[in-house]
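Everything on this sheet refers to the single structure shown next.
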Amino acid sequence: MDMQVSFLDRLFDAGLLIETGVDGLYGRSGQFEDVIAAFERLIDRVGGADGAEAMRFPPGMNREFFETSGYMKSFPQLAGTVHSFCGSELDHMSLLKCMEVGDDWTKGQEATDIVLTPAACYPLYPTVARRGKLPKSGGLYDLQSYCFRHEPSKDPARQQLFRMREYVCMGTEQHVTDFRQRWMDRGVEMMKSVGLDVAIDIANDPFFGRAGKMLANNQRDQNLKFELLIPITSTAKPTACMSFNYHQDAFGTKWGLYLEDGSTAHTACVGFGLERIALALFHTHGLDVKAWPESVRAVLWG
Amino acid sequence: MNETIRELLAKLGNLPVAVTELEDGADLYAAGLSSFASVQLMLGLEEAFDIEFPDNLLNRKSFASISAIEQTVSHILKAKEAA
């Protein structure tokens, strides 16, 4: 823990991250953003020729879609919902009084139609389903969004609002598992090219409760999730900076994603944790970008 | 026990086929048992038999067929008696 606090403090001291008073909620400096932008250009260079359709959604999604996704079954502890004041003038008066005396003023807030996006690809599935059957060649999409997960922590690599860049592939089982394997190979190469020490390991999502233990075991037994790990705040417990997920036909069934021949589409996604990758670069090469190895600077800024 | 398991499977398994049509050894995942339904089934079995699945048995293998469930539940009951 000490090491985590000290890396976070060093990032604050260097002005790379900006404290807000809430653990896991930080501002970013221009320099920090420049590293993320450079890494995203590297992603574009590696994945661009695949011809993915780019879509950008804001960090909030339709609550109805969120409910259909089943996120609350698996990760209720991580979800963030958007609530607003929807009362009358009289309610407003009592709200202000409540705030004045330091009582809980949030009790009367009502749920809006918006939920904070938990992963960049969540708004994609219903969007694609609405278009009808997928073309013969399947579907490939490029997404990026700020995502929210309620897990306050002093580990700078575990932020509550962070950016996820994703490629999502839809098609036959063979098509999407090939896509996942291709990105596992590419991911390792990309990280090596910027001087990061990586390992790939089988993984599971942080499902909630004892039932979650079983879902996690199932996920591992079936090799559904892999992570690319890089040491940031601990070498013993390196941080997942990319993940490679095969959903089988779970999302295809849930959202009604069909291939041209009428069969249910299989889906897979590859995600880059952009803040985590930037932090891995700062941790490995130092907080002064100008002092990074020439080879790394050349890959990022050419 | 077989009957109770079949009743729970019919109630919680959310299967597209009738449980009566399934042989004891039939692959439940192939029959359409989802991960989430298997979790519901696990919780139902715990309540019905007053047991708690240890972490090492919370996996797909334990719920792969009606006989597999029977074996798993018997194993937990035996361990409980011995304790």
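Here are some notes:
- Given (1) part of a loop (DSSP other than H, G, I, E, B); (2) crowded, with 17+ Cβ neighbours inside 10 Å, number of the condition residue A:262 does not satisfy: (2)
- Residue-level analysis places residue B:44 outside the set of residues that are at pLDDT 90 or above, over 20 Å from residue A:248 (Cβ atoms) and not in a helix (DSSP H, G or I).
Condition check ((1) open to solvent by 20 Å² or more (accessible area, probe 1.4 Å); (2) farther than 14 Å from residue A:218 by Cβ; (3) within 14 Å of another protein chain (Cβ to nearest Cβ)) across all residues:
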position: B:33; (1), (2), (3): no, no, yes
position: B:40; (1), (2), (3): yes, no, yes
position: B:51; (1), (2), (3): no, yes, yes
position: B:59; (1), (2), (3): yes, no, yes
position: B:65; (1), (2), (3): no, yes, no
position: B:69; (1), (2), (3): no, yes, yes
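- When B:27, B:55 are screened for being surrounded by fewer than 18 Cβ atoms within 10 Å (Cβ to Cβ), free of Cβ contacts under 8 Å to residues at least 40 places away in the same chain and within 9 Å of chain A (Cβ to nearest Cβ), only B:55 passes.
- Qualifying residue in the stretch A:202-217 (condition: open to solvent by 20 Å² or more (accessible area, probe 1.4 Å), under 29 Å from residue A:44 (Cα atoms) and hydrophobic (A, V, I, L, M, F, W, C)): yes
- Yes/no for residue A:137 being modelled with pLDDT of 95 or more and not hydrophobic (A, V, I, L, M, F, W, C): no
- Scope the stretch A:20-58; condition within 17 Å of the chain's Cα centre (by Cα) and small (Gly, Ala, Ser); matching residues: A:24, A:37, A:54
- The conditions of being more than 11 Å from chain B (Cβ to nearest Cβ), small (Gly, Ala, Ser) and under 13 Å from residue A:171 (Cα atoms) are met by residue A:265.
- For the residues A:174, A:160, the requirement of being at pLDDT 95 or above and open to solvent by 40 Å² or more (accessible area, probe 1.4 Å) singles out A:174.
- Residue selected from the stretch A:102-132 under the condition in a loop (DSSP other than H, G, I, E, B) and surrounded by 15 or more Cβ atoms within 10 Å (Cβ to Cβ), by the criterion modelled with the lowest pLDDT: A:109
- For the residues A:155, A:142, A:205, the requirement of being closer than 24 Å to residue A:49 by Cα, in contact (Cβ under 8 Å) with a residue 60 or more places away in the chain and within 18 Å of the chain's Cα centre (by Cα) singles out A:142.
- Residue check, residue A:245 open to solvent by 40 Å² or more (accessible area, probe 1.4 Å), within 18 Å of the chain's Cα centre (by Cα) and closer than 19 Å to residue A:267 by Cβ: no
The values are calculated or read from the model by the stated rules, or taken from the named source; none is laboratory data. As the structure is a computational prediction, the values presented were derived from the model and not from experiment. Because the Cβ atoms are built from the backbone with ideal geometry, glycine has one as well, and the counts that use them run over all protein chains shown. Protein only, heavy atoms only, side chains kept; ligands, DNA and RNA dropped before computing areas. Shrake-Rupley method; radii C 1.70, N 1.55, O 1.52, S 1.80 Å.
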